[in-house]
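The values are calculated or read from the model by the stated rules, or taken from the named source; none is laboratory data. These numbers come from a predicted model, not from an experiment. Glycine also receives a Cβ, built like all others from the backbone with ideal geometry; neighbour counts cover every protein chain displayed. SASA here: full protein model, heavy atoms, side chains in, ligands and nucleic acids out. Shrake-Rupley method; radii C 1.70, N 1.55, O 1.52, S 1.80 Å.
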Amino acid sequence: MEMNNTDWRYTVMPAVFTWLKESESGALEIDLEVTKKYAADILKVQGKGGTRMGGLVGSGTLGENSYLSSEQRLSLLNALSDVAKEFNVPLISGAAAETKEELAKIVKELATVGVDTVMVMPPKTKEAPSDEEMYAYYELSATAAKEAGVTIMPYNNPDAAGYHALSTDLLKRLAALPEVIALKISTTDVSIIETLMLENKDLKILAGVDTVTVHAGLAGACGGITGVGCIFPKASVTMQEYVNNGEWAEANKISQAMNSISYLDAQPLLLEYLKFAFGIHHNDADGGLRTLGQKLTQQQIDDVRARYTLAKERLERLDLID
């Protein structure tokens, strides 16, 4: 795709929620128009330095990816590609499979609906593959991406999501594949980022956990993918601006202000928690509870509400509520 003047990898990007509605039969189905509206609203927001989010992540963990059929995912991404084109940003989505052949097929399918970069997660197998097996898995996805005219982003997420961890040696090898445009590191152990950057200062690494945005930037990450930024986009974009400018004290003020809700991004129920917080933020708490995932208990609902309220109050004092 034709990029704008800012390298999107040096920005923060929203992993947008998939909004659901009840059909006449009472079943949940994707509300494409509302999902597109919320995605566009997030991309319109500017940070205090005047920048915006540089990409759009659809049908990810926060987008109910693991609960959607292939047909639903492709339909959703096709709709979100219109939003990405409107704002001239890349559309990013994830892919994982049990076999490398199945993965290659998914990469090509995603390319047909406007996805520009595919976040490739490790194989969905019970036993962890060897590094050589893992490399072959990613190598074939890179070949498929080249044939389809897209790029890939190896995705290391061993924490809340429980995917097989990618070793630093393997990540270095994967980064050398021509189709790899960046690495996504979704772990609170930012020493992995530092180790990789010490080996190759030209690597492009995106942080994937909101609690460590500042720490990841210090370690060498150039940007990030955010869930909390869907709720508080002005704060998230401004924090990334400060990180990029090396204004660590200012960035840390925002990180601390969002701490109560960023905590939820590193929990196994991050989808359910953050989607409900998003619903509160848009005066649609009932909608926020519509998920194909786990139903929240009243105790969890009360906890998320309290965490959201605390973060909102802190950000209001910093003039970071859009």
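Computed values, structure above
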quantity: Region 281-300: number of residues that are surrounded by fewer than 18 Cβ atoms within 10 Å (Cβ to Cβ) and of a type in the set (Val, Ile, Thr); calculated: 1
quantity: Boolean, Met1 is within 22 Å of Ala145 (Cβ to Cβ), at pLDDT below 95 and either out of contact with any Leu (no Cβ under 6 Å at 6 or more places or on another chain) or of a type in the set (Phe, Trp, Tyr) (or both); calculated: yes
quantity: Odd one out for Lys275, checked against (1) open to solvent by 10 Å² or more (accessible area, probe 1.4 Å); (2) within 15 Å of the chain's Cα centre (by Cα); (3) among the basic types (Lys, Arg); calculated: (1)
quantity: Checklist (1) part of a loop (DSSP other than H, G, I, E, B); (2) at pLDDT below 95 applied to Leu296, failing item; calculated: (2)
quantity: Top-ranked residue in region 74-128 [being charged (D, E, K, R) and not in a helix (DSSP H, G or I); ranked as nearest to Leu183 (Cα to Cα)]; calculated: Asp116
quantity: Test: Ile321 is crowded, with 21+ Cβ neighbours inside 10 Å and aliphatic (A, V, I, L, M); calculated: no
quantity: Residue that is closer than 16 Å to Ala15 by Cα and in contact (Cβ under 8 Å) with a residue 12 or more places away in the chain, where the choices are Gln300, Gln240; calculated: Gln240
quantity: Lone qualifier among Ser255, Ser236 - being in contact with a Cys (Cβ under 9 Å, 6 or more places away or on another chain) and polar (S, T, N, Q); calculated: Ser236
quantity: Single residue of region 44-61 satisfying the filter (within 19 Å of Gly114 (Cβ to Cβ) and out of contact with any Lys or Arg (no Cβ under 6 Å at 6 or more places or on another chain)) that is modelled with the lowest pLDDT; calculated: Gly60
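Residues are listed down the side, and each one gets a yes or a no for (1) among the aromatic types (Phe, Trp, Tyr); (2) over 28 Å from Val107 (Cβ atoms):
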{"site": "Leu174", "(1), (2)": "no, no"}
{"site": "Thr187", "(1), (2)": "no, no"}
{"site": "Gly220", "(1), (2)": "no, no"}
{"site": "Tyr242", "(1), (2)": "yes, yes"}
{"site": "Asn252", "(1), (2)": "no, yes"}
